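What follows is a short report on a single structure.
The values are calculated or read from the model by the stated rules, or taken from the named source; none is laboratory data. Since this is a predicted model, take the numbers as computed values, not measurements. Note that each Cβ is placed from the backbone with ideal geometry, even for glycine, and that neighbours are counted across all protein chains shown.
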């Protein structure tokens with residue numbers, strides 16, 4: 001059995017749907033952050049799959065994927081540091097408690 005573009009797109013859509021479900025349902029900020037990471041990984045799979053099947057000699061999809069991974073790493077570092085600071089002050093990381101944070 002050969003793996004086609006449809007297989008990659010189906011897997012990516014399933015992964016994106018799982019991330020979107022976690023993003024919409026979860027009230028925990030850490031789970032929301034992880035759901036965003038799952039969605040970004042689904043986008044990376046799409047980039048690499050389309051790059052492989054449309055133009056195998058070019059590395060445009062892989063370059064975009066590396067760029068998304070770098071942005072995701074920065075997002076996780078900043079997000080986790082903010083969650084740690086909020087947890088130290090509030091002893092809670094529910095999304096509902098973020099509305100009470102003001103300057």
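Tabulated values for the structure
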item: Test: residue in segment 26-40 that is in contact with a strand residue (DSSP E or B) (Cβ under 6 Å, 6 or more places away or on another chain) and touching a residue at least 24 places away in the same chain (Cβ under 8 Å); result: yes
item: Subset of segment 76-86 (residues that are surrounded by 12 or more Cβ atoms within 10 Å (Cβ to Cβ) and either touching a strand residue (DSSP E or B) at 6+ places or on another chain (Cβ under 9 Å) or modelled with pLDDT of 85 or more (or both)); result: 76, 79, 80, 82, 83
item: Hits in segment 54-75 - residues which are surrounded by 14 or more Cβ atoms within 10 Å (Cβ to Cβ) and in contact (Cβ under 8 Å) with a residue 24 or more places away in the chain; result: 68, 72, 75
item: Residues being buried (at least 18 other Cβ atoms within 10 Å of the Cβ) and over 11 Å from residue 15 (Cα atoms) - total across segment 26-35; result: 3
item: Scan of segment 76-97 for residues that are part of a helix (DSSP H, G or I) and in contact (Cβ under 8 Å) with a residue 12 or more places away in the chain, ordered by number; result: 76, 79, 80, 83, 86, 95, 96
